[in-house]
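A short write-up of the structure that comes next.
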Amino acid sequence: MHPNDPKLRSFIDVVPESDFPIQNLPYGVFSTVAYPTPRVGVAIGDYVLDLAVLEKEGLIDLSPAFGVFSQGSINALMTLGPKVWSKTRARISELLRHDNPQLRDNKELRSRALVPMTEVKLHLPVAVAGYTDFYSSKEHATNIGTMFRGKDNALQPNWLHMPIGYNGRASTVVVSGTKVRRPRGQLKPPNVEAPSFGPCKRLDFELEMGVVIGQPSPIGEMIDEARAQDMIFGFVLLNDWSARDIQQWEYVPLGPFQAKAFATSISPWVVTREALEPFRLRGPAQDPTPLPYLRQSQPNNYDLALDVGLRAGAMDKPQTICRTNFKFMYWSSVQQLMHHASSGCAMSVGDLLGSGTISGPEKHQRGSLIEISWNGAEPVELEGGIKRSFLEDGDTLIIRGWCQGDGYRVGFGEVEGTIAPAE
């Protein structure tokens, strides 16, 4: 049976609402108090399956590349290539099946290999080589352009011809749960003659998906659609925190810099491209037709539901402020990768590509506070009379995402961050 088969069942009980059924098997890096050295595992229900243990027991054989699961990132696994990725996922699925006794009936091995989620610490799953952030939601770009340039000039002339992006900072990519310190920078409101330096006052989130690149491309070479597909290992939830007031002053003429360099949060679980295959669909019609090097012959978008919750002030639990879907993206992840390499730019194992803010056509589908509050003119009303135009110290932002199957879901867990005051 294929690992994506909806009929598959594990000997581990997994409720239908779980993000981590046997059809998912996302990779992460974890440690425990008893074994504090980070190693690679997969999520299954409420457990983490310790792949380093299974490799040492000979139940997973990646020789001669022995030891890839004992490392503190999934990079070594990714270097082995798509055929090994697929073979390894199939083997893990086989070991977890309800009708396979190898792990199911070995009580001693199960006690070592299956670790309750409540007992693990999750780490950054990827050693991020480089980080690039795109701007690929037509609805988001139109909303931002309308705010600052008017409806008739919302999209810049180049936007419909190529995925727009910029190179960000790999050094400040952090795992979910890491506090985000409010950034400092140059601020110059429109009604002030000279800039000042201080804490950001208009701090925002950006709802994105991150693409994890698992195979390299050499400098000087372009890549086609099929090659781009093979280079993509998987996806993570991504929050590209944004200092809107710092950005407003600095972005002319070269784009975002310090306003986006202070933190980018990702989920601890990397959902493989293969696990998302059943949920592929075609994205929005592209008009004008892209240049030949960007054209797609197959569906490269995903039906992936996204939910953003905000817990502010004295609130006991987060309140949903956005519900949207990854399927709305105008430029697909494959097109972003093809464009990135089109100049001859070398891609590396561990590169991370941010999709850009994901917004949909409806107001409740806007993927940032600057859109939701329309640049502060329409504050978000939360429970208890709390209002927010932008994030305040102590606020917590939580992003969740999943693909809904028939009786199961392939989910990402969550990416969470709390705003700490500037020093």
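The values are calculated or read from the model by the stated rules, or taken from the named source; none is laboratory data. Just so we're clear, the structure is a prediction, and the values are computed from it rather than from any experiment. Neighbour counts are summed over all protein chains in view; Cβ atoms, including those assigned to glycine, are modelled from backbone coordinates with ideal geometry. Side chains included, ligands, DNA and RNA excluded: accessible areas come from the protein's heavy atoms. Shrake-Rupley method; radii C 1.70, N 1.55, O 1.52, S 1.80 Å.
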For region 281-293, Karplus couplings with θ = phi - 60° (6.51, -1.76, 1.60), whole Hz, Gly/Pro x: 7, 7, x, x, 4, 9, 9, x, 4, x, 4, x, 5
The chain: relative contact order as a whole-number percent, Cα under 8 Å and 6+ apart: 21
Most to least packed among 402-414, 194-206 [average Cβ atoms within 10 Å]: 402-414, 194-206
Three-way shape label, region 143-295, alpha-carbon gyration tensor, a/c 1.5: oblate
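So if I take the alpha carbon set of region 374-423, get Rg, then get Rh from the Kirkwood formula, what is the Rg over Rh ratio? Kindly include the intermediate steps, with their values, before the conclusion.
Numbers: Rg = 15.6 Å, Rh = 13.7 Å.
When Rh is taken as the Kirkwood radius, the ratio is 1.14.
Highest first, please rank the peptides 236-246, 147-157 by the mean number of other Cβ atoms sitting within 10 Å of their residues.
Details: 236-246: 25.6, 147-157: 11.5.
So the order, starting with the most tightly packed, is 236-246, 147-157.
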Structure-based [θ]222 nm, the chain - -39500 (n - 2.57) summed over DSSP H runs of at least 4, per residue, nearest 500: -4500 deg cm²/dmol
Accessible carbon and sulfur surface of the chain relative to its total accessible area, %, 1.4 Å: 52
Residues of region 300-423: accessible area per residue with a 1.4 Å probe, Å²: 35
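Whole number in Å², please: accessible area per residue of region 211-259, 1.4 Å probe, ligands, DNA and RNA not counted. Intermediate results must be reported in sequence, preceding the final value.
Working: 2060 Å² over 49 residues.
Heavy-atom SASA per residue in region 211-259 reads 42 Å².
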Region 279-357 versus region 133-164: alpha-carbon centroid distance in Å: 15
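For the chain, report the % of Cα-Cα distances exceeding 39 Å.
Details: 16784 of 89253 pairs.
When every Cα pair of the chain is considered, 19 percent fall beyond 39 Å.
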Two-site label geometry, residue 423 and residue 362: point separation in nm, points 7 Å out along Cα→Cβ: 4.4
Cα-Cα pairs of region 223-311 separated by more than 18 Å (percent): 64
With all protein chains modelled, accessible area of residue 135 [1.4 Å, Å²]: 70
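In the structure shown, do any of 260/387; 151/188; 121/317; 83/121 have a Cα-Cα gap over 28 Å, and if so which?
Numbers: 260/387 24 Å; 151/188 25 Å; 121/317 23 Å; 83/121 30 Å.
Flagged as over cut-off: 83/121.
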